[in-house]
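Q: Have a look at the structure that comes next, please.
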Amino acid sequence: MKRWWLLLVLFSGPLFADDCALRGTGDLAIVIERADGAVQIVETTHNTAVARVEGLGDLSHASVVYSRDGRYAYVFGRDGGLSKVDLLCARVEKRVIQSGNSIGGAISQDGRLIAVSNYTPGGVKVFDADSLELLADIPATWGDGLRSKVIGLVDAPGNRFVFSLWDAGEIWIADMQDPRHPRITRFEDIGRNPYDGLITPDGRYYIAGLFGEDGMALLDLWHPERGVRRILDHYGRGEKKRPVYKMPHLEGWAVAGDRAFVPAVGLHSVLVIDLRDWCELARIPVYGQPVFVEARPDGREVWVNFAFPNNEKVQIIDVETLRLSDTLEPGKGVLHMEFEPRGEEVWISVRDRDRVQVYDTATHQLLRELLARKPSGIFMAARAHRIGL
Amino acid sequence: MWCRIGIVAFSLAVSSALARSAVPSAQRQAELESLLLQDCGSCHGLMLKGGLGPALRPQVLAGKPRQWLIDTIRNGRPGTAMPPWGPILSDADIAWLVDRLLRGAPDTGVRP
């Protein structure tokens with residue numbers, strides 16, 4: 001009986017390998033199962049699990065970008081692994097270990113280049129999106145032969161990548177018109193320890209959040225010659241900073257009307273920026289230190305999750321009144337939230353409960369729970385068509 | 001489950017050596033192990049191979065005084081992203097974590 005089963009497995013291998021789904025990928029998403037080095041592919045039309053792909057290495061801090069056709073997910077792992085996952089066939093198409101320790105990546109405007117930001121050795125490497133062949137190596141050198149950890153890597157119009165140097169306190173633009181010979185523009189002294197960066201959805205402004213001082217660094221990519229400007233300077237003035245047990249993330253841009261919402265570092269606050277003058281408009285007290293501050297796609301609400309030890313709740317800010325409108329308690333270890341592209345549902349990973357939850361964003365009611373092992377990041381394939389994601 | 005059994009066996013073996021600061025209960029040890037990998041792991045990596053913070057594997061920590069490691073966890077490292085865990089963890093918790101770091105993962109060889 002056992003031998004019969006073995007034969008079946010052997011002969012069915014190639015059949016399964018060809019067993020790729022004939023469907024679109026626009027409603028698919030990837031859920032990182034970070035302790036297992038695996039991802040789940042889920043679909044957001046009926047909210048079900050589709051497949052699981054293993055063998056992606058150390059996904060302690062993983063992120064994903066999508067090919068422009070939406071078929072492939074590029075998964076960036078902590079161990080320097082860059083994996084190209086075929087969503088339809090649910091398998092790893094290609095995989096390279098490109099550094100000792102990496103933090104994230106981006107896909108170029110033309111979809112042909114994948115850039116990875118690395119901690120060790122500090123810098124950015126650029127790969128061909130088809131073959132994962134290394135095209136360019138950009139060491140993040142500074143000071144006296146030092147290498148800086150690189151964070152906040154995003155794509156920008158003009159086939160550029162923009163990123164920040166944690167140790168050096170710099171922002172760099174890499175112009176990839178000639179992929180093998182990037183042209184680098186450096187901006188020094190932008191502030192101490194930029195911890196993450198984002199680009200506005202129109203691709204015009206790059207903003208790095210600072211860990212080492214209060215404020216953010218703003219670069220207008222239409223006018224790089226004007227240099228980097230400090231915004232929200234000294235936002236923590238007069239307030240006692242708390243220990244930071246998890247770095248906030250800047251992802252996308254929580255914009256509603258002419259207001260943007262960003263996490264305050266070391267404070268139980270969400271900062272509201274007036275986009276007309278880049279000044280602080282308000283500070284909203286919240287339950288913990290914000291990690292992700294994300295606008296529902298229609299801009300009516302902003303959802304916030306929190307750093308350890310306050311990571312069991314999610315709070316919702318009403319954008320019109322700048323007041324909290326609701327508090328949800330998904331459970332310990334809420335690590336990430338991802339809205340479906342039109343915003344009617346949001347997916348929330350609850351690490352310690354080994355669940356991914358789907359909420360109705362109009363009623364704030366839990367619609368569905370899916371099992372996932374130590375889930376962290378959730379990445380909708382709709383990111384394929386958005387600048388900076 | 002094997003993980004917890006390993007921890008319990010270890011704690012029995014060394015409990016006399018750590019008698020001065022109360023050894024965390026088996027349940028607390030499991031919580032600390034999870035905290036170490038998941039929350040410390042946010043910066044130091046789930047495999048403790050480093051990230052924004054340095055690697056914390058035994059070979060990296062070898063030679064560092066135990067008390068210095070305890071002080072680092074309790075008080076943080078001013079000027080870096082390492083926060084003080086004293087407000088959250090007891091002395092016994094911190095001592096357990098330091099010894100856990102110095103001897104390595106109980107599951108070495110099982111996971112990559």
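Q: Being basic (Lys, Arg), over 22 Å from the mean Cα position of the chain (by Cα) and farther than 22 Å from residue A:295 by Cβ is true for just one of A:183, A:192. Which residue is that? Show your work before the answer.
A: Numbers: A:192 fails: over 22 Å from the mean Cα position of the chain (by Cα).
One residue alone meets the criteria, A:183.
Q: Would you be able to say whether some residue in the range A:348-356 is in the same structural domain as residue A:76 (by TED's automatic domain parsing), open to solvent by 40 Å² or more (accessible area, probe 1.4 Å) and either touching a residue at least 40 places away in the same chain (Cβ under 8 Å) or of a type in the set (Asp, Glu) (or both)?
A: Looking for residues that are in the same structural domain as residue A:76 (by TED's automatic domain parsing), open to solvent by 40 Å² or more (accessible area, probe 1.4 Å) and either touching a residue at least 40 places away in the same chain (Cβ under 8 Å) or of a type in the set (Asp, Glu) (or both), one finds at least one in the range A:348-356, hence yes.
Q: Also, I was wondering about something else. Which one of these is surrounded by 18 or more Cβ atoms within 10 Å (Cβ to Cβ) and farther than 27 Å from residue A:201 by Cα: A:369, A:312? Step through it out loud before you land on a result.
A: Details: A:369 fails: surrounded by 18 or more Cβ atoms within 10 Å (Cβ to Cβ).
Selected residue: A:312, the only one of A:369, A:312 that is surrounded by 18 or more Cβ atoms within 10 Å (Cβ to Cβ) and farther than 27 Å from residue A:201 by Cα.
Here's the yes/no breakdown for (1) over 21 Å from residue A:196 (Cβ atoms); (2) within 14 Å of another protein chain (Cβ to nearest Cβ):
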{"site": "A:44", "(1), (2)": "yes, no"}
{"site": "A:52", "(1), (2)": "yes, no"}
{"site": "A:57", "(1), (2)": "yes, yes"}
{"site": "A:79", "(1), (2)": "no, yes"}
{"site": "A:84", "(1), (2)": "yes, no"}
{"site": "A:91", "(1), (2)": "yes, no"}
{"site": "A:104", "(1), (2)": "no, yes"}
{"site": "A:112", "(1), (2)": "yes, no"}
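Q: Quick one: what pairs do we get from the range A:192-220, first residue of a type in the set (Gly, Ala, Ser), second in a loop (DSSP other than H, G, I, E, B) and open to solvent by 30 Å² or more (accessible area, probe 1.4 Å), C-beta under 8 Å, 6+ apart or different chains?
A: A:203/A:157; A:203/A:387; A:212/A:192; A:215/A:233; A:215/A:234
Q: Moving to a separate point now. Could you go through the range A:361-379 and let me know if any residue there is over 21 Å from residue A:248 (Cα atoms) and within 14 Å of another protein chain (Cβ to nearest Cβ). Lay out the reasoning, then the answer.
A: Of all residues in the range A:361-379, those over 21 Å from residue A:248 (Cα atoms) come to A:361-373.
Next cut, within 14 Å of another protein chain (Cβ to nearest Cβ) only: A:373.
For the range A:361-379, residues over 21 Å from residue A:248 (Cα atoms) and within 14 Å of another protein chain (Cβ to nearest Cβ): present.
Q: Moving on to the next point. Working carefully through the options A:75, A:42, find the one that is outside any loop (DSSP other than H, G, I, E, B), in the same structural domain as residue A:375 (by TED's automatic domain parsing), touching a Leu at 6+ places or on another chain (Cβ under 7 Å) and without any contact (Cβ under 8 Å) to a residue 60 or more places away in the chain. Give the steps one after another, and end with the answer.
A: Values: A:42 fails: without any contact (Cβ under 8 Å) to a residue 60 or more places away in the chain.
One residue alone meets the criteria, A:75.
Q: Still on this structure, please answer the following. With (1) under 15 Å from the mean Cα position of the chain (by Cα); (2) of a type in the set (A, V, I, L, M, F, W, C); (3) at pLDDT 95 or above; (4) outside any strand (DSSP E or B) as the list, and residue A:88 as the residue in question, which single condition is left unmet?
A: Condition (1) is where residue A:88 drops out.
Q: Okay, next question. Which of the following residues is open to solvent by 10 Å² or more (accessible area, probe 1.4 Å), at pLDDT 95 or above and more than 24 Å from residue A:169 (Cβ to Cβ): A:281, A:335?
A: Details: A:281 fails: at pLDDT 95 or above.
Every option except A:335 fails the conditions.
Q: Oh, and also: For the range A:372-389, what are the residues that are surrounded by 19 or more Cβ atoms within 10 Å (Cβ to Cβ), more than 17 Å from the chain's Cα centre (by Cα) and among the charged types (D, E, K, R)?
A: Residue satisfying the conditions is A:374 alone.
Q: Oh, and also: May I ask you to list the residues in the range B:41-58 that are within 12 Å of chain A (Cβ to nearest Cβ) and touching a residue at least 24 places away in the same chain (Cβ under 8 Å)? Steps first, answer last, please.
A: Pass one, the range B:41-58, residues within 12 Å of chain A (Cβ to nearest Cβ): B:41-55.
Within the range B:41-58, B:43, B:47, B:48, B:52, B:53 meet the criteria.
Q: When the residues of the range A:45-64 are filtered to those that are touching a residue at least 40 places away in the same chain (Cβ under 8 Å) and within 15 Å of residue A:27 (Cα to Cα), which remaining residue is most open to solvent (accessible area, probe 1.4 Å)? Quick ask: steps written out before the conclusion?
A: Let us first name the residues in the range A:45-64 that are touching a residue at least 40 places away in the same chain (Cβ under 8 Å), namely A:47-50, A:55, A:57, A:59, A:61-64.
Retained after the next criterion (residues that are within 15 Å of residue A:27 (Cα to Cα)): A:47-50.
Details: A:47: 11, A:48: 47, A:49: 62, A:50: 78 Å².
Among those residues, the one meeting the criterion is A:50.
Q: Take the residues in the range A:300-325 that are among the charged types (D, E, K, R) and under 17 Å from residue A:283 (Cα atoms); name whichever of them is farthest from the other protein chains (Cβ to nearest Cβ). Talk me through it step by step, then tell me what you get.
A: First pass over the range A:300-325, keeping only residues among the charged types (D, E, K, R): A:300-301, A:312-313, A:318, A:320, A:323.
Imposing the further condition that a residue be under 17 Å from residue A:283 (Cα atoms) reduces the set to A:301, A:318, A:320, A:323.
Values: A:301: 26, A:318: 30, A:320: 34, A:323: 29 Å.
Step by step, filter the range A:300-325, then rank; the result is A:320.
Q: Return only the number of the condition from (1) outside the structural domain of residue A:152 (by TED's automatic domain parsing); (2) in a strand (DSSP E or B) that residue A:124 does not satisfy.
A: Failed condition: (1).
Q: Where in the range A:293-389 are there strands (runs of 3 or more DSSP E), lying fully within it, with 1 or more residues that are within 28 Å of residue B:82 (Cα to Cα)? Steps first, please.
A: Values: elements: A:301-306, A:314-318, A:323-328, A:334-339, A:345-350, A:355-360, A:366-371, A:375-380.
Of the strands (runs of 3 or more DSSP E) lying wholly inside the range A:293-389, those with at least 1 residues that are within 28 Å of residue B:82 (Cα to Cα) span A:301-306, A:314-318, A:334-339, A:345-350, A:375-380.
Q: Output yes when any residue across the range A:284-293 is at pLDDT 95 or above, under 20 Å from residue A:388 (Cα atoms) and within 13 Å of chain B (Cβ to nearest Cβ), and no when none is. Show your work before the answer.
A: At the first step, the residues of the range A:284-293 found to be at pLDDT 95 or above are A:284-293.
Pick out the ones that are also under 20 Å from residue A:388 (Cα atoms) and you get A:291-293.
Narrowing the set further to residues that are within 13 Å of chain B (Cβ to nearest Cβ) leaves A:291.
The answer is yes; a qualifying residue exists.
Q: How about the range B:59-104: which of its residues are closer than 24 Å to residue B:47 by Cβ, away from chain A (no Cβ under 14 Å), among the charged types (D, E, K, R) and not in a loop (DSSP other than H, G, I, E, B)?
A: B:66, B:99, B:100, B:103
The values are calculated or read from the model by the stated rules, or taken from the named source; none is laboratory data. What you see is a predicted model, and the numbers here were worked out from it, not measured in a lab. Note that each Cβ is placed from the backbone with ideal geometry, even for glycine, and that neighbours are counted across all protein chains shown. Note: accessible area is taken over every heavy atom of the protein model, side chains too, but ligands, DNA and RNA are not part of it. Shrake-Rupley method; radii C 1.70, N 1.55, O 1.52, S 1.80 Å.
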